[in-house]
1. Quick check: is even one residue across the range 169-177 under 20 Å from GLN27 (Cα atoms), more than 9 Å from the ligand (Cβ to nearest atom), charged (D, E, K, R) and in contact (Cβ under 8 Å) with a residue 12 or more places away in the chain?
2. For the range 126-161, how many residues meet the condition of being away from the ligand (no atom under 16 Å from the Cβ) and either in a helix (DSSP H, G or I) or basic (Lys, Arg) (or both)?
3. I need the full set of residues from the range 258-282 which are in a loop (DSSP other than H, G, I, E, B) and of a type outside the set (Phe, Trp, Tyr), in order please.
4. Taking the range 77-89 only, how many residues are in a strand (DSSP E or B) and under 16 Å from the mean Cα position of the chain (by Cα)?
5. For residues that are aliphatic (A, V, I, L, M) and over 15 Å from the mean Cα position of the chain (by Cα), tally how many sit in the range 233-262.
6. Any residue in the range 113-123 that is of a type in the set (Gly, Ala, Ser) and in contact (Cβ under 8 Å) with a residue 60 or more places away in the chain?
7. With respect to GLY158, is the statement that it is modelled with pLDDT under 95 and closer than 16 Å to PHE247 by Cβ true?
8. If I filter the range 205-235 down to residues being touching a residue at least 12 places away in the same chain (Cβ under 8 Å) and of a type in the set (Val, Ile, Thr), which single residue comes out as surrounded by the most Cβ atoms within 10 Å (Cβ to Cβ)?
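The values are calculated or read from the model by the stated rules, or taken from the named source; none is laboratory data. Fair warning: this is a prediction, and the values are worked out from it, not measured in the lab. Positions of Cβ are generated from backbone atoms using ideal geometry, with glycine treated the same way; all protein chains shown enter the neighbour counts.
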Amino acid sequence: MNLTLSDTQDTCPSSLSQQQVDLYHEQGYLAFENVLSSDEIEAAREGFSALVRKYTFDSKQMEYHPPQTTKDHSGNARFQSKDSDFMIQFERGYTPIPGDYEGMELQVRKFMWFEESMPIFQNICYNHPKISGILKGILKDDFNLYQSMALIKPPHGGVDKPWHQDNAYFSVENLDQVAGIWIALDDAAVENGCMHVLPGGHRLGPMRHHHTTDCEIVEGKFDTSKAVAVPVKAGGALFFHGCLPHFTPKNNSDQRRRAIQYHYRSTSNNIISKEAFNDVFKENDGTPASCAAAIPKNF
Ligand SMILES: O=C(O)CCC(=O)C(=O)O
């Protein structure tokens, strides 16, 4: 893969010009610095530390799943809320140690459905003027949260998130009416695992996914030499189409890489069954291409 760097605009507006909307539709993403303020970045970082302190080994609220040996991440140790989808998942092979909050925080791979847990996450998710303004410009409709995650790569750790299209995980009627936002909470560069995207790749349509250690696009579906890295500073963000192929490498640096990722769908974009989605997220020859339809690859 070449390491061309994508253009990132320094100033994040609270609404998009027609030129920016056209650029989003052409390349499948827009990147801006300064989406979050330094106070918001700090509050979000503290929020994630607080989630680890509050919810790990809290047997009243959370069910502990110890690590198991699996080929994918389903066996990673995790704490699953007993009354919501909130989850803290750790790196493969790591066993959390009660009370070792710093150690555990450095081994978190993913938080899911955490957006209601703290005012800062609610603000970023629902009430952020810049984020809402840009999503409105892209989706041209009212929108709802569809998925929330925070993705963490520890220094010299984590694994690649292989090439995929996020719509492959979803099940909606209209693939164009899903947008993700990926917000860096640390400076994100190639070395610590920033986003890499295939500009214009959303226009290639759904691509067949299969299961390796993760759900990923079958090799040879597109030319990875056309990919670009999208480094952003802490507080910068990438807004991207649900069919944009993207990937992040492992963290090969001394720096952490924390990011929030929220997905939105327009309110008119109905959720449908996985079976019905097979007829939406399909290859040109009509074969289902989503993660639910993905076949395991032989290891
Ligand atoms: O933040 C990352 O490392 C990868 C995020 C991503 O592509 C995803 O979860 O869909």
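1. If we filter the range 169-177 for residues that are under 20 Å from GLN27 (Cα atoms), which is where we start, we get 174-177.
Checking which are more than 9 Å from the ligand (Cβ to nearest atom) leaves us with 174-177.
If we keep only those that are charged (D, E, K, R) as well, we get 176.
Then keep just the ones that are in contact (Cβ under 8 Å) with a residue 12 or more places away in the chain; that gives 176.
Checking the range 169-177: at least one residue is under 20 Å from GLN27 (Cα atoms), more than 9 Å from the ligand (Cβ to nearest atom), charged (D, E, K, R) and in contact (Cβ under 8 Å) with a residue 12 or more places away in the chain.
2. Matching residues across the range 126-161 total 13.
3. As a first pass, look at the range 258-282 and keep what is in a loop (DSSP other than H, G, I, E, B): 267-270, 272-273, 278-281.
THR267, SER268, ASN269, ASN270, ILE272, SER273, ASN278, ASP279, VAL280 - these are the residues of the range 258-282 that are in a loop (DSSP other than H, G, I, E, B) and of a type outside the set (Phe, Trp, Tyr).
4. Adding up the residues that qualify gives 3.
5. The total comes to 1.
6. Checked the range 113-123: at least one residue is of a type in the set (Gly, Ala, Ser) and in contact (Cβ under 8 Å) with a residue 60 or more places away in the chain.
7. Details: modelled with pLDDT under 95: yes; closer than 16 Å to PHE247 by Cβ: yes.
When the stated conditions are applied, GLY158 passes them.
8. Among those residues, the one meeting the criterion is VAL230.
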